[in-house]
Amino acid sequence: MGRGPWFPLALLGFAEIGLAVTQLLARRSQAQAEAANLLLRPAAPAATRPQFLSQDDFYALGPGLPTETVWLVALGVVVLGTAVWYAIALRPVRTGRFVLGTVAALLALPLLDLVGSWQFRLGDDLRGPLLATLGLLLLAAYERSRFVLLTTAAFALVAVVFSADMAGVLGSAMILLAAAFAALLRGKPRSIP
């Protein structure tokens, strides 16, 4: 329909790599946290030195963004990037409907996350991959592409089976990036004049 599904697939793959980096940074060891604290401390008298939290205190207060929030932010960026991609590729005649559909998709993300959390009692690490799978299914239907449908099945299998593991995030990202590369190389056949 558009210029092909390679851009949304690659965007979601890179977003997952960003999620993996975020998870790795949140898993710093005690020695790394103490080394970072030593580097951040200025050479000041002990009375005026800022006090830093130990890693145990840091995790007791909360390690930063929860996993589901990071997934929602990443999926929101992917939805917005995909909408911009298709807006440039298709130049929609009814831009009002296109913008309304994009806003509705962005608002649907947290609502679907709440439904998955409250109604179905899905864990934090499972809701993000399931929302991404739903988005890939919508992309496959829009593009009318069996290739994207097969990519979605492979993504869902790896992302859901290994959802709490770093291997699942990186494996599903590699599936998406390989599929994006294949879709980019495949393209549309040109007719010879």
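A few comments on the model shown:
- Accessible-area composition of the stretch 76-193, carbon plus sulfur, in percent [1.4 Å probe]: 71
- Once the 1.4 Å probe is applied to the protein heavy atoms, the stretch 82-193 comes out at 64 Å² accessible per residue.
- FRET efficiency estimate (nearest 0.05) - Cβ-Cβ, A104 to D165, R0 30 angstrom: 0.35
- Scoring 84-94, 174-184 by mean Cβ neighbours within 10 Å over their residues and listing the highest first yields 174-184, 84-94.
The values are calculated or read from the model by the stated rules, or taken from the named source; none is laboratory data. From a predicted model like this one, the values you see are computed outputs, not experimental measurements. Every residue, glycine as well, gets a Cβ built from its backbone with ideal geometry; the counts of neighbours run over all protein chains shown. We work out accessible area using only protein heavy atoms, side chains counted, and drop any ligands, DNA or RNA first. Shrake-Rupley method; radii C 1.70, N 1.55, O 1.52, S 1.80 Å.
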